[in-house]
Amino acid sequence: MKKILLTVILNITFSIVTFAASPMDMRFHCENDTNKINTLLNEGLKSNLKTSNELVVFYANKFLGTPYVAHTLEGETEQLTINIDELDCTTFIETLYALTRTTLSNRTSWRDYANNLESVRYRNGVIGDYSSRLHYISEWIINNSSRDNLKDITPDFSKCKYIVKTIDFMSKHRDAYASLKDDEMFNKVKNNEIGFRSHRFPYIKKEDINAKSTKATFKSGDFIAMVTNIKGLDVSHLGLVIKENNELYFINASMSGGKVQLEKYTFFEYLERVRSCIGVRVFRIKE
């Protein structure tokens, strides 16, 4: 009897430590989401792919054609939103991260996926209120890098430069965010922005993307953050690169295309068409 009781206690403890978000804290798009995630994870494990970049590409191809839908994370209360049927540029990358990280751990359960999704989406990997979400990509990269989830490889590029920006777009555009109507939440978000006054971060200038040395450093499955010239904002879009015959292409959840798609132009040509983009940051899942 004592042995059974100890086992139960250990199992409960493991659940508390491993899964910060309980099912009551989760919001699903449909009742079949858990089955879909389990199926994807089983396919990923059976693929026998061993590196994070290979798995990112594998899973990205599974989502081609998935509808682009913005603001799927918003609600009256902050919950861990699980929605693989509707994606924007950020939730697309977070979904790829969570699937890849779960597969690298040889796990095939949606609960492990949910845990990894929470880990990448929220500050220190724990869901709280709206302000606990990593809204800015600069903080998203720093916080996840500190926990060995991601690695910013931008400094590895020979053409890497540095830029200094004050990141405070949300507090400067309060009316654009429903959750910031609440004064307490507004002050929390504004307080989070304090650490990003005159923030210095690495990037590769847009005109250097087509350089031979730059192309050589990229790997298929590298995550891309497009650095913007918009005041108060660091990054305006996310996606990943595919490398074929030393040429780069771009997969993203495209607002203009209305779906997850592989752009028909080369990555350099794609960036040339985005006037607000001044360069990119590059990061990978840390193995």
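The values are calculated or read from the model by the stated rules, or taken from the named source; none is laboratory data. Everything numeric in this text was worked out from a predicted model, so none of it was measured. Cβ atoms come from the backbone with ideal geometry, glycine included; neighbour counts cover every protein chain shown. Calculation scope for accessible area: heavy atoms of the full protein, side chains included, ligands and nucleic acids excluded. Shrake-Rupley method; radii C 1.70, N 1.55, O 1.52, S 1.80 Å.
Some notes on this structure:
- Extension gain for E269 to S145 (0.36 nm times residue separation, less C-alpha to C-alpha distance): 41.7 nm.
- For region 68-195, a crude dipole built from +1 on the beta carbon of Lys and Arg and -1 on the beta carbon of Asp and Glu, taken about the Cα centre, is about 560 debye to the nearest 20.
- When the Cα positions of W140, C89, G258 are compared along the charge dipole of the chain, W140 comes out farthest toward the positive end, with charges on each C-beta of Lys, Arg, Asp and Glu.
- Subset of K62/K161; K36/K215; K172/K205 violating a 28 Å alpha-carbon distance limit: K62/K161; K36/K215
- Gaussian network model of the chain, Cα within-10 Å springs - most flexible of E74, E244, E272: E244
- Kirkwood Rh and Cα Rg combined as Rg over Rh, evaluated for region 96-194: 1.04
- Cα pair distances of region 147-192 binned at 5 Å [whole percent]: 5, 17, 18, 11, 13, 14, 14, 7, 2
- Estimated Rh, region 134-265: Kirkwood, alpha-carbon pairs, angstrom: 16.5 Å
- Note that the chain, at 20 °C in a medium of 1.002 mPa s, gets a Stokes-Einstein diffusion coefficient of 108 µm²/s from its Kirkwood radius over C-alpha pairs.
- Sorted into 5 angstrom bins from 0, the C-alpha pair distances of region 178-237 split as 4, 12, 17, 19, 16, 11, 9, 6, 5, 1 percent.
- Its Cα centre serving as origin, the chain has a Cβ charge dipole (Lys and Arg +1, Asp and Glu -1) of approximately 860 debye.
- Cα-based helix-to-principal-axis angle, 137-146 vs the chain, degrees rounded to 10: 60 degrees
- Difference of contour (0.36 nm per residue) and Cα-Cα distance, K212 to N48: 55.9 nm
- Portion, in percent, of the accessible area of the chain that falls on carbon or sulfur, probe 1.4 Å: 51 percent
- Here is the list for region 242-275: chymotrypsin sites (Phe, Trp or Tyr not before Pro) lying in DSSP coil, each with at most 13 other C-beta atoms within 10 angstrom of its C-beta, are Y265.
- Cα gyration tensor shape of region 53-159, rounded if a/c is under 1.5, else prolate or oblate by comparing a/b with b/c: rounded
- Helix axis angle, 33-46 relative to the chain longest principal axis, alpha carbon, degrees: 70 degrees
- Relative to the longest principal axis of the Cα atoms of the chain, the long axis of helix 183-193 lies at roughly 60 degrees.
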